Every structure is written in C-alpha cells, then in structure tokens.
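The values are calculated or read from the model by the stated rules, or taken from the named source; none is laboratory data. Predicted, not measured: the structure shown is a model, and the values here were computed from it. Here Cβ is always computed from backbone atoms with ideal geometry, including for glycine, and neighbour counts include all displayed protein chains.
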Amino acid sequence: MTIGITGRYCAGKSIASSVFEENGFTVINVDGVGHEALEVKKVEITRVFGNEILSAGRVDRKKLGGKVFKSPAEKEKLESIVHPWMVGRVKTMARKQKDTVINAALLIEMGLYRMCDFVMAVDIGDATALERGMSRDCLSKEEAARRIRAQIPLKEKLDFVDKVIDNNGDIKDFKKRVEQIIKTIRSKV
C-alpha cells in the first residue's frame, strides 16, 4: 500500500509521516530525494543558474532558493531539471517496499499521487505556516512568505486528495487524528 502525504510549506507533513513510520510504513521524503537531485543534476543546474549557487562545490540550497522562489519562471526551470529524476527515484524506492508513505509538498504537481492508494493533505493556516517557516528554516518573514506563495493552494488540489487533516492546533491531537486515519486505511485493506 502506498500513501501520499501532501500539504503546504511547514504544514506538518513530516510529523504525519513519522506517525505512519511508527506504524510500520517506510517513509520516502521527497524533499530528501530533491537534495540528492541537486547533486546528481548539479552540472545542469549550474549551467542554468550559474556557479554563484555553489558553496564548497555543492549546490547551496539557500542561494538557489533565493533565485527560484523570486520568480515562477525560475522555479519552473529548476523543476524541469530535477523533477523527472526525482519521480524516477521515488518510483524505484517505492517498488522495493510493502507499505510506503510518499511525503511530498508537490505530490500532485509531480504526478506522484498516481502511485498512491490513498492521498492525505495536511492543512494549516497562513499565519501558522509563516511562523513555522521563519522558525524552522531561519528565514525572514518575506522569504517564508515567498515559499508559501510559490505553492499551489490546497483548495486547487482537493480533487486528488482523499482526506484533509487540519494541523492548526495541538500536536498530540494532530498525531491522534493521523493514527485514526491509519486505522481507517488498514480496516479497508
């Protein structure tokens, strides 16, 4: 069984994924696959974005993010380089597992939802996402807001989602609701 977890920036996808992992699922963190892709595709990326995005010979995600989150066209260029490789890598990883969770903010946009038996979206309010982004990623308010604006709103993804779970409140309550979703999914298998 393959479960997809999506949601906006800083919504709590990783927390939801950890609950699935505690229940025997293998988690594929697509953000981590994206980090791999930056190195695998480094030559193509530097050809498009220049050597100034490198630090100590590696793609510096913060420098690259500063470029791609300022412009939808630049973001699109990066995605056209890394997404095909990432999708192939996720497919390979998922084939090797029995019960898998694909944790991906861009699950729908990358077409990864097609691999999933069930898709869950984690929802969060703008103010909470902004606060978490600034705190977690040490970003300025404008940088965090830019990342939030760069994503397609959840309401535009609902046709591809089986369940939306709210994460604006207590973390313990959120984890309990994820546990309940796992029980519901398993009862239908």
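Which residue pairs have Cβ atoms under 7 Å apart, sit 6 or more places apart or on different chains, and have a first residue in region 81-102 that is on the phi < 0 side of the Ramachandran plot and a second that is among the polar types (S, T, N, Q) and assigned to a strand (DSSP E or B)?
Between residues of region 81-102 that are on the phi < 0 side of the Ramachandran plot and residues that are among the polar types (S, T, N, Q) and assigned to a strand (DSSP E or B), the close pairs are A94/T2; A94/T100; Q97/T26; D99/T26; T100/T2; T100/T26; I102/T2.
Tally time: how many residues in region 88-142 are in a strand (DSSP E or B) and either in contact with a Cys (Cβ under 8 Å, 6 or more places away or on another chain) or closer than 23 Å to R61 by Cα (or both)?
Qualifying residue count for the region: 2.
Name the single residue, out of those in region 140-168 being within 19 Å of P72 (Cβ to Cβ) and among the hydrophobic types (A, V, I, L, M, F, W, C), that is surrounded by the fewest Cβ atoms within 10 Å (Cβ to Cβ). Break it down into steps so the answer makes sense when it comes.
If we filter region 140-168 for residues that are within 19 Å of P72 (Cβ to Cβ), which is where we start, we get 142-157.
Keeping just the survivors that are among the hydrophobic types (A, V, I, L, M, F, W, C) gives 144-145, 148, 150, 152, 154.
On the way: A144: 23, A145: 18, I148: 18, A150: 16, I152: 12, L154: 18.
Among those that are within 19 Å of P72 (Cβ to Cβ) and among the hydrophobic types (A, V, I, L, M, F, W, C), it is I152.
Quick one: would you say A37 is touching a helix residue (DSSP H, G or I) at 6+ places or on another chain (Cβ under 7 Å), within 23 Å of R177 (Cβ to Cβ), surrounded by 15 or more Cβ atoms within 10 Å (Cβ to Cβ) and in contact (Cβ under 8 Å) with a residue 40 or more places away in the chain?
Criteria not met by A37.
Looking at region 130-158, I want the residues that are of a type in the set (A, V, I, L, M) and have a partner that is modelled with pLDDT of 80 or more and in a loop (DSSP other than H, G, I, E, B) with Cβ atoms under 7 Å, at least 6 apart or on another chain. Which pairs are those?
I148/R8; I148/Y9; A150/F69; I152/E109; L154/R8
Quick check, is R47 of a type in the set (D, E, K, R) and either within 24 Å of K141 (Cα to Cα) or touching a Pro at 6+ places or on another chain (Cβ under 6 Å) (or both)?
So R47 fails the test.
When you go through I171, I152 one by one, which is the residue that is under 14 Å from T6 (Cα atoms), β-branched (V, I, T) and out of contact with any strand residue (DSSP E or B) (no Cβ under 9 Å at 6 or more places or on another chain)? Please lay out each step first, then the result.
Values: I171 fails: under 14 Å from T6 (Cα atoms).
Of I171, I152, the one residue that is under 14 Å from T6 (Cα atoms), β-branched (V, I, T) and out of contact with any strand residue (DSSP E or B) (no Cβ under 9 Å at 6 or more places or on another chain) is I152.
State the number of residues belonging to region 57-81 that are closer than 24 Å to S140 by Cα, part of a loop (DSSP other than H, G, I, E, B) and not acidic (D, E).
Qualifying residue count for the region: 3.
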